[in-house]
Amino acid sequence: MQVLEEKPGSRTANGTAPILKMQGIHKSFSGVKVLHNVQIELFRGEVHALMGENGAGKSTLMKIMAGVHRPDAGTIEYKGESVAWHNPMEARSRGISVIHQELNLSPNLTVAENILMGTKFPRNRLGLVQWAKVKERAQTILDAIGSNLDPDTYVSSLSVAQQQLVEIARALSFQAEVLIMDEPTAALTDKEIEKLFVIIEDLKRQGVAIVYISHRMDEIFRISDRCTVMRDGQWIRSCPIGETNPEQLVRTMVGRELTDLFQRERSQGITVSGKVPVLELRELSDKKTVKEVSFKLYPGEIVGLAGLVGAGRTELVRAIFGLSPIRSGEIRIDGRTAVINGPMDAMRYGIAHVPESRKEQGLFLNMSVKENIMMAEMHKYRRSGVLQWKELDKEAESYIKRLGIKTANKEQKVVGLSGGNQQKVLLARWLSIGPKVLLLDEPTRGVDIGAKTEIHKIICRLAETGLAVLMISSELPEVLGISDRIMVMHEGRIRAHLSREEATQEKIMFYATGERNECEYDIGRYGNQPPEAVHDEVMEPAGHADHFGFDVHSAVLYCA
């Protein structure tokens, strides 16, 4: 592949010099090189996408830009002056703000207090905080980003998506001239993402330079003006976004072809005839969201669970794993009723659960890779109250090798691993219990493209060994690529069961949105007649006479 390299200083944006320029940046931690001769230029009024696999060095480069770390070598020029930040407060006071992927809010304070935290609160002559003005300033910032959040609301009561908006508002409160956004849409709904993009366009018009880090290619090509690609701690390429395409970027990021992305290869289909389902739900309901859900999951299957945010997917797998109380219904394992009152019960039945938020709900970040992997099985390696560390070491090393976990050694703290490798550690822990059923909630969220492919391959290999997999994913290409069949949830119910062959993104979204239109009809009205039999009555008036189909699982006639 011919790479068109853009050298720093070789061009300007709109005839102006860059607001920030970093050259020859080197950084090592404990003797391990993290950045080697990295460079980047930012111009006012542009969105600059920073691309690369997890572990490529993006976060370290941004932390140097924001004053969290100091480079071992290299130069930073800001507004034409050479600078050396001593701490983040210094960089922020000069106009460089960061919206971190991991939320850094104070849950026991209000929205207004979090937004203005780090700024000087307005005070009266007696030195007392003027809370009315604090609220007023916060409200002005919230109005500017189109948010209807109440400044007096405590952050602890907000959803993850709402907290993300508070993070954005706080960054804007510092009147940033350079704004770093690290995976800002990871927890946002489509509607909230659209709002964010409007905010970004407005910031561009104000002359703010934005560094945008994301693994979502559609976002990158929609809002970015230029991009820089990093790989293994080195600068690979910088160019206008219009001079590349998603396929080129992926090849540049990973240094190899990824032709099997989101695709599961099979020699033959999954046969369930005559098999006993390893997991069966009968009219399962929790006490809040899940409503009368029924399905069967067979050994060796990968079943995708699709739906919009709030559809009840996460609540469903939490109920199966015993994390949420069940109001009614039945869970059956291998054809027998299972009594699951908590995660320990679920584990005894052979159910494993990889949660949506690996850092908050799955990993012990300040513990080693070895300890995280073996956490669920440590009791088996205890003799007379003493842990057998040699046996633990051997077993942990086998999982590190089996799943291809990239770590300096088994004693490295998990917090220092990339997102993809952290997810592999969590998978390894649950594989250590020898599960029958694996519940995966967004297994590749916040993971780069190369690591996604590796995780997909691991999931497929596990299914080939007979493990039954139920996988939640909001990325429809992922669901379509590796699932044997797909269930779609809407408002706590399973609305459709789709085979791999009949499923499309359009059909999944049709069921996920729960919308009813002229093309739908009630099977109670038309019985078991095929669509052709009701063609004149249903399709012609609706104006869809040439494009229709019928789904036998939900008795819905849909527009193609």
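The values are calculated or read from the model by the stated rules, or taken from the named source; none is laboratory data. From a predicted model like this one, the values you see are computed outputs, not experimental measurements. All Cβ positions, glycine included, derive from the backbone under ideal geometry; neighbour counts span all protein chains shown. Accessible surface areas use protein heavy atoms only, side chains included; no ligands, DNA or RNA. Shrake-Rupley method; radii C 1.70, N 1.55, O 1.52, S 1.80 Å.
Quick notes on this one:
- Straight-distance candidates among the lysines for linking to Lys79, with alpha-carbon spacing under 16 Å and chain neighbours fewer than 8 residues away dropped: Lys21.
- Residues within the reach of a label modelled at Asn148 (point 7 angstrom out along Cα to beta-carbon, backbone nitrogen below 20 Å), restricted to segment 102-121, are 111-112.
- Under 11 Å, Cβ to Cβ, from Asp286 - net charge with Lys/Arg +1 and Asp/Glu -1: +3
- Taken one residue at a time, the phi angles of segment 416-421 give Karplus couplings (6.51, -1.76, 1.60, θ = phi - 60°) of x, 8, 5, x, x, 6 Hz. Gly and Pro are set to x.
- Expressed per residue, the C-alpha convex hull volume of segment 411-460 stands at 86 Å³.
- For segment 397-469, the solvent-accessible area of protein heavy atoms averages 34 Å² per residue (probe radius 1.4 Å; ligands and nucleic acids excluded).
- Our analysis of segment 295-421 gives Rg over Rh at 1.01, with the two radii drawn from alpha carbon positions and Rh computed by the Kirkwood formula.
- Residues in segment 242-248 carry Karplus couplings, in order, of x, 9, 9, 8, x, 5, 5 Hz; the curve used is 6.51 cos²θ - 1.76 cosθ + 1.60 with θ = phi - 60°, and Gly or Pro positions show x.
- Links that overshoot a 22 Å alpha carbon limit, given the list Lys380/Lys436; Lys359/Lys406; Lys120/Lys191; Lys120/Lys359: Lys120/Lys191; Lys120/Lys359
- Segment 80-123 versus segment 125-188: alpha-carbon centroid distance in Å: 11
- With contacts taken as Cα pairs under 8 Å and at least 6 residues apart, segment 436-482 reaches a relative contact order of 57 percent.
- Within segment 47-141, the trypsin sites (Lys or Arg not before Pro) that combine a DSSP coil assignment with at most 12 other C-beta atoms in a 10 angstrom radius are Lys120, Arg125.
- For segment 339-378 and segment 216-248, distance of Cα centres in Å: 36
- Cα→Cβ-extended label distance, 7 Å offset, between Glu81 and Ser294, nm: 7.2
- Residue-normalised accessible area of segment 19-63, expressed per residue, 1.4 Å probe, Å²: 33
- Protection-proxy order for peptides 447-455, 462-470, 140-148, 345-353, each taking the mean of Cβ atoms within 10 Å per residue, highest first: 447-455, 345-353, 462-470, 140-148
- Of Val415, Val317, the order by accessible heavy-atom surface (1.4 Å probe, DNA, RNA and ligands excluded), from most exposed downward, is Val415, Val317.
- Neighbourhood net charge (12 Å Cβ-Cβ; Lys/Arg +1, Asp/Glu -1) for Arg222: -4
- Rounded to the nearest 20 debye, the dipole size of segment 354-459 about its Cα centre is 280 debye, using +1 on the Cβ of Lys and Arg and -1 on the Cβ of Asp and Glu.
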